[in-house]
Amino acid sequence: MTSALEGVRVLDMTHVQSGPSATQLLAWLGADVVKVEAPGGDITRRQLRDVPDADSLYFTMLNCNKRSVTLNTKTERGREILTALIRGADVMVENFAPGAVERMGFTWERIQQINPRIVYASIKGFGDGPYTDFKAYEVVAQAMGGSMATTGFEDGPPLATGAQIGDSGTGIHAVAAVLAALLQRERTGRGQRVNVAMQHAVLNLCRVKLRDQQRLAHGPLPEYPNDTFGEEVPRSGNASGGGQPGWAVRCAPGGPNDYVYVIVQPQGWQPMSELIGRPELAADPEWASPEARLPKLAKMFQLIEEWTSTLPKWQVLHQLNSHNIPCGPILSPKEIIEDTSLADNDMIVEVEHPQRGTFTTVGNPLKLSDSPTTITTPPLLGQHNEDIYIGELGLSRAELPQLKEQGVI
């Protein structure tokens, strides 16, 4: 069975997270991803190490299914080899600081001359404008994309989300753009430039808050639990902020993740009132309709929590689901790693590594019926120098040790 991107060669000149997350997805979809690293390697090979003298989980969990070559693009011979790699690639992805690739001598115009069919994708922190040269990190992107201002509780500071929406979220956006450019190339025969900014990706994920900012001009937001509203969308804790109110309610025995997130739909109020031991509220005009409940959301979830706090979260989950009430337990990273259903769906995967032994990683969330994914171990630094430089680019076997001695690879 063939893979969706079989025959597509990706030149991966990325590091840390936003770029590697994108190229790993392309590799999972079947592309041949060649990771081009400086002779010292991607910095994340050494960051947050938990096993001495082995590639860190930070690196291994973002670079599965790739091949690795080393190359010093600051040398003349290194730039010649990069030119050959570009000539044979369908896609090139980089997430260096603005202008870094251009300073190597590879402007978009030069890359087009080398390979008119190439799709050249750049991931940056920001678009053109006053922020262009700002250094971008995960939480900086969250801060400037609208996420932090709307995350947290009303009386607390802005908070970052644990989901890496700035880095990996941008990587997913980049994959969509690359695939669209490849599809367009089928019609035009031409490659093109792809630009994705971390701030823009976070903003795209925060569109509902921009929706609510505009709604706020016409009055308070009744779906929010806040008592007062100013000129800006407030932080609203765990409120869904959508058409149906939701909240995380505490369960027994009261540990840090002993919570279930519950959404109360109109049709769910009657069975919910019975579960919490207050069946009379189903017919009470003060509680029976969504409009009547909206001003009392805090009280409503307090009543629900008085019931849930007496039961373990899995028992709460079972009872709510038996009445078709939308809900979900708060799962910790430990619980997720141990979740057999996620393993059965190939979303929690065990991978053998020559240095680390076995490590656990996230599987491919993109499930294609004709293109199943097998997660393979990430490459060691420069593991494929010989395969690619000699076997594919045609360098002589005698030149490889010379290139190493000269600091080119």
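The values are calculated or read from the model by the stated rules, or taken from the named source; none is laboratory data. This one's a predicted model, so the numbers in the text were calculated from it and none came from an experiment. Don't worry about glycine lacking a Cβ; one is built from the backbone with ideal geometry, like all the others, and counts go over all protein chains shown. Heads up: the accessible areas ignore ligands, DNA and RNA and are worked out on the full protein's heavy atoms, side chains in. Shrake-Rupley method; radii C 1.70, N 1.55, O 1.52, S 1.80 Å.
With unit charges on the beta carbon (Lys/Arg positive, Asp/Glu negative), name the residue among LEU393, LEU203, PRO157 whose Cα is farthest towards the positive pole of the charge dipole of the chain.
Looking along the dipole axis, the top candidate is LEU393.
At a 1.4 Å probe, what is the % contribution of carbon and sulfur to the accessible area of the range 153-195?
Here it works out to 57 percent.
Are there chymotrypsin sites (Phe, Trp or Tyr not before Pro) in the range 7-88 that DSSP puts in a loop and that have at most 11 other Cβ atoms within 10 Å, and which ones?
For chymotrypsin sites (Phe, Trp or Tyr not before Pro) across the range 7-88 that sit outside H, G, I, E and B with at most 11 neighbouring Cβ atoms in 10 Å, the list is empty.
Where only protein heavy atoms count, and the probe is 1.4 Å, what is the accessible area per residue for the range 131-238 in Å²? List each step's numbers first, then the result.
Numbers: 6110 Å² over 108 residues.
Ligands and nucleic acids excluded, the figure is 57 Å² per residue.
Which net charge results when you count Lys and Arg as +1 and Asp and Glu as -1 among the other residues whose beta-carbon is under 14 Å from that of PRO285?
Summing Lys and Arg as +1 and Asp and Glu as -1 gives -2.
Quick one: angle between helix 168-188 and the longest Cα principal axis of the chain, in degrees between 0 and 90, rounded to 10, please.
Computed tilt is about 60 degrees.
If R0 is 35 Å, what FRET efficiency do you get for THR358 and GLU392 from their C-beta distance, rounded to 0.05?
Computed FRET efficiency for THR358 and GLU392 comes out at 0.70.
In percent, what relative contact order does the range 202-263 have, based on Cα pairs under 8 Å that are 6 or more apart in sequence?
21 percent
Taking amide H positions as placed in the peptide plane 1.01 Å from N, state which residues far from ILE348 in sequence (5 or more) or on other chains have amide H under 5 Å from it.
It is ALA343, GLY363, by chain and number.
Which ³J(HN,Hα) values in Hz, rounded to whole numbers, follow from the phi angles of the range 126-140 under the Karplus curve 6.51 cos²θ - 1.76 cosθ + 1.60, where θ = phi - 60° and Gly and Pro get x?
Values, residue by residue: 9, x, 5, x, x, 9, 3, 8, 5, 6, 10, 10, 3, 6, 4 Hz.
Ignoring ligands, DNA and RNA, what percent of the 1.4 Å accessible area of the range 1-109 is carbon and sulfur?
53 percent
Please give the per residue accessible area of the range 17-79, computed with a probe of 1.4 Å over protein heavy atoms only, in Å².
On the way: 2160 Å² over 63 residues.
Accessible surface, normalised per residue, equals 34 Å².
By DSSP, what percent of the beta bridges with both residues in the chain are antiparallel, rounded to the nearest 5?
In the chain, approximately 40 percent of DSSP beta bridges are antiparallel ones.
Using a 1.4 angstrom probe, figure out how much accessible area the range 304-409 has per residue, in square angstrom, rounded to the nearest whole.
Each residue of the range 304-409 exposes 58 Å² on average to a 1.4 Å probe.
For the range 195-264, list log₁₀ I(q)/I(0) at each q in 0.23, 0.28 Å⁻¹, using the Debye formula over Cα point scatterers of equal strength and ignoring solvent, two decimals each.
-1.01, -1.21
What percentages make up the Cα-Cα pair-distance distribution of the range 59-119 when the bins are 10 Å wide from 0?
For the range 59-119, the pair-distance distribution reads 19, 52, 27, 2.
May I ask you to work out the translational diffusion coefficient for the range 37-152 at 10 °C, viscosity 1.306 mPa s, via Stokes-Einstein with Rh from the Kirkwood sum over Cα pairs, reported in whole µm²/s?
95 µm²/s
For every other residue with a beta carbon closer than 13 angstrom to the beta carbon of PRO256, add +1 if it is Lys or Arg and -1 if Asp or Glu, then tell me the sum.
+1
So what is the orientation-averaged projected area of the chain, using the convex hull of its C-alpha atoms, in nm²?
The number I arrive at for the chain is 24.3 nm².
In degrees between 0 and 90, to the nearest 10, how far off the longest principal axis of the chain does helix 313-322 point, with axes built from Cα atoms?
70 degrees
Which cross-chain or sequence-distant (5 or more) residues have an amide H under 5 Å from the amide H of THR376, H modelled 1.01 Å from N in plane?
Excluding prolines and chain starts, which carry no amide H, the hits are ASN65.
On the accessible surface of the range 359-409, probed at 1.4 Å, how many percent belong to carbon and sulfur atoms?
So the carbon and sulfur contribution to the accessible surface is 52 percent.
Return a whole-number percent for the relative contact order of the range 244-291, with Cα pairs under 8 Å and 6 or more residues apart as the contact set.
RCO, the range 244-291: 27 percent.
Under the definition of Cα pairs under 8 Å and six or more residues apart, what whole-number percent is the relative contact order of the chain?
So the answer I get is 19 percent.
Report the calculated FRET efficiency for ARG87 and GLU405 (r = Cβ-Cβ distance, R0 = 30 Å), to the nearest 0.05.
With R0 = 30 Å, the Cβ-Cβ based efficiency is 0.70.
Within the set of other residues whose C-beta is less than 15 Å from the C-beta of GLY357, count the net charge using Lys and Arg as +1 and Asp and Glu as -1.
-3
Are there trypsin sites (Lys or Arg not before Pro) in the range 95-157 that DSSP puts in a loop and that have at most 16 other Cβ atoms within 10 Å, and which ones? List each step's numbers first, then the result.
Values: sites: ARG103, ARG110, ARG117, LYS124, LYS135; in loops: ARG117, LYS135.
Answer in residue order: ARG117, LYS135.
Taking the alpha-carbon centroid of each part, what is the distance from the range 277-319 to the range 134-204 in angstrom?
One Cα centre to the other: 37 Å.
May I ask you to list the trypsin sites (Lys or Arg not before Pro) in the range 168-200 that are in a DSSP loop and have at most 15 other Cβ atoms within 10 Å of their Cβ?
ARG190
Give me the Debye-computed log₁₀ of I(q)/I(0) at q = 0.20 Å⁻¹ for the range 281-347, equal point scatterers on Cα only, no solvent, two decimals.
Here the Debye-derived log intensity ratios amount to -0.95.
Would you kindly calculate the translational diffusion coefficient of the range 240-326, applying Stokes-Einstein with the Kirkwood radius from alpha carbon pairs, for 10 °C and a viscosity of 1.306 mPa s, and quote it in µm² s⁻¹ without decimals?
Value of D from the Cα-based Kirkwood radius: 123 µm²/s.
Diagonalise the Cα gyration tensor of the range 145-266 and give the resulting equivalent ellipsoid semi-axes, square root of 5 times each eigenvalue, largest first, whole Å. Walk me through the intermediate numbers first.
Values: eigenvalues 246, 72, 40 Å².
Semi-axes (√(5λ), whole Å): 35, 19, 14.
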